[in-house]
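A quick write-up on the structure given underneath.
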Amino acid sequence: MAITDRLEIPPEMRALAEKSVEQAKQAFDGFISAAHNAVSAFEGQAETARKGAKDVTEKAMTFTEQNIASSFAFAQQLVRAKDIQDMLKLQADYIKTQMQVFTEQAKVLGESTSKAAKDTATPKP
């Protein structure tokens, strides 16, 4: 055989090789697309979780500020009390009011936390 002789690949083998390469390229493109989608979904969920956590934290801080302000107002009322009966009534009223406030705040924080968890767990399109 001379150096100038070429190696002939049968047309069937060439077609099979081309088809295999094309299928491998399509599989790789599908993998890359799925990877991009997974990363985007994760980023979206992380952002949603961050926003949910921020909302819950802001509400908790607002409630804390309100409760502290209420405590100072109660302390000022106690200082101005005329007698022990007045002090006991102020304390009973304060405790009753704060229990109602705490119940409502716990409800709001629970709803916000549940919403944040649900939003984070729900895949975004």
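The values are calculated or read from the model by the stated rules, or taken from the named source; none is laboratory data. What you see is a predicted model, and the numbers here were worked out from it, not measured in a lab. Ideal geometry is used to build each Cβ from the backbone, glycine not excepted, and the neighbour counts take in all protein chains shown. Note: areas computed on protein heavy atoms with side chains; ligands, DNA, RNA excluded. Shrake-Rupley method; radii C 1.70, N 1.55, O 1.52, S 1.80 Å.
Please determine, by comparing only the residues of the range 32-49 that are over 14 Å from Ser114 (Cα atoms) and of a type outside the set (Gly, Ala, Ser), which one is surrounded by the most Cβ atoms within 10 Å (Cβ to Cβ).
Here the answer is Gln45.
Here are Ile32, Ile3, Ile9: which of them is modelled with pLDDT of 80 or more and aliphatic (A, V, I, L, M)?
Of Ile32, Ile3, Ile9, the one residue that is modelled with pLDDT of 80 or more and aliphatic (A, V, I, L, M) is Ile32.
Which ones in the range 68-93 are open to solvent by less than 60 Å² (accessible area, probe 1.4 Å) and either outside any helix (DSSP H, G or I) or touching a residue at least 24 places away in the same chain (Cβ under 8 Å) (or both)?
Result: Ser70, Ala81.
Please verify whether Ala53 is within 10 Å of the chain's Cα centre (by Cα) and open to solvent by 50 Å² or more (accessible area, probe 1.4 Å), treating the condition exactly as stated.
Criteria met by Ala53.
Which of the residues that make up the range 49-80 are of a type in the set (A, V, I, L, M), closer than 19 Å to Val101 by Cα and in contact with a Ser or Thr (Cβ under 7 Å, 6 or more places away or on another chain)?
Val56 - this is the single residue of the range 49-80 that is of a type in the set (A, V, I, L, M), closer than 19 Å to Val101 by Cα and in contact with a Ser or Thr (Cβ under 7 Å, 6 or more places away or on another chain).
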